[in-house]
Amino acid sequence: APVSDLPDSLFFTSGDVLWSLTPGRDPVAVLDTDLIGPWAQTVDATRAAVTVYSTEGGSSSEAVILVDPLGGQSAPIWGPVAQPGSPGNPRIIEVRWSWYGDVLLLLREDRTVLALDPNQDADQQPRTEPLVALPGGASDLQSLPSGAGWSYLVDGQLQVLPISNEPMTPEAPFSSDVDTYRWLPGTARVLAVPASAGASGPRGSILAADA
C-alpha cells in the first residue's frame with residue numbers, strides 16, 4: 001500500500017502569495033501574484049501544481065505550472081488557454097495529484113476531468129481529451145491510493161469510480177450524506193464526516209468504510 005514519510009516542506013497560501021516552509025529555514029515566497037487559482041501539492045510536498053492567470057494584452061488566459069519549494073517554476077504543463085470561462089474553455093476549479101505524483105487531475109467547471117502527465121510540457125501531453133465527465137455539481141475529486149480509480153462528492157454522496165475502458169457505475173461506500181472525506185494510506189479505506197447527526201452517529205463522529 002502506498003505510504004509516505006513526513007514531507008521535508010509544505011506549501012501554503014497567505015494573502016496573494018504561495019509560500020513554501022521548510023523547518024529550520026525562512027519561508028520562501030514561491031509565487032507572489034494575485035493571479036493564482038486552484039493549486040495542490042504532492043503527497044511528499046516536493047512540488048505543487050498551480051493554476052495561474054494572465055491578463056497581458058487585455059485578454060485573459062489560464063495555465064498550469066509546477067513549482068518547487070525553492071521557488072523554481074516549470075513551463076506550463078497545460079495551456080495557456082485563452083479566455084477561460086468562455087464557451088469551449090471551461091475554467092479549472094480543482095487540481096488534484098495522484099498518490100504517486102505521476103498524474104495530475106484537473107476538474108473543470110463543466111465537470112470534465114483532464115489527466116495530465118506532470119513530466120511533460122503542455123505541447124507534449126499524451127492526452128488532451130477529458131478522461132471522464134462527472135455529474136453536475138461534483139466536487140472534491142480525489143485519487144484512490146491504489147491508483148485504481150477516482151472519487152468525488154455529488155449532492156453529499158461519496159462516489160467511487162473505477163478506472164475502466166468501459167462505462168462504469170459509480171459505487172457509494174456510505175448510505176448517508178457526508179461533508180468531507182479522506183483516503184487512508186492503503187488500498188481502499190476511506191474516512192468521512194457525516195453531513196448531520198442521525199442514523200450514521202452523533203455530530204462529530206467519523207465514518208469508515210472499505211471501497
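The values are calculated or read from the model by the stated rules, or taken from the named source; none is laboratory data. Model, not experiment: these values are computed from the prediction. We place every Cβ from the backbone using ideal geometry, glycine too, and count neighbours over all the protein chains shown. Accessible surface is based on the protein model in full, side chains and every heavy atom, while ligands, DNA and RNA are left aside. Shrake-Rupley method; radii C 1.70, N 1.55, O 1.52, S 1.80 Å.
General remarks:
- Note on D44 and S86: their simple-model spin labels are 4.1 nm apart, each label 7 Å out from Cα toward Cβ.
- Kirkwood analysis of the Cα pair distances in the chain returns a hydrodynamic radius of 18.4 Å.
- Projecting the Cα atoms of L116, A40, S176 onto the dipole axis of the chain, where Lys and Arg carry +1 and Asp and Glu carry -1 at the beta carbon, places S176 farthest toward the positive end.
- Remark: the D210-E171 segment gains 12.9 nm on full extension, using 0.36 nm per residue and subtracting the alpha carbon distance.
- Heavy-atom surface of the chain, accessible at 1.4 Å and reported per residue (Å²): 52 Å²
- On full extension, the segment bounded by Q73 and D32 gains 13.5 nm, given 0.36 nm per residue less the C-alpha separation.
- Residue ranges 151-157, 51-57 sort as 151-157, 51-57 when ordered by packing (mean number of other C-beta atoms within 10 Å per residue, highest first).
- Spatial separation of Cα centroids for region 38-59 and region 100-178, in angstrom: 19 Å
- Length released on extending from V193 to Q125, taking residue separation times 0.36 nm less the Cα-Cα span: 20.8 nm
- Rh (Kirkwood; distinct C-alpha pairs) - region 1-118, Å: 14.9 Å
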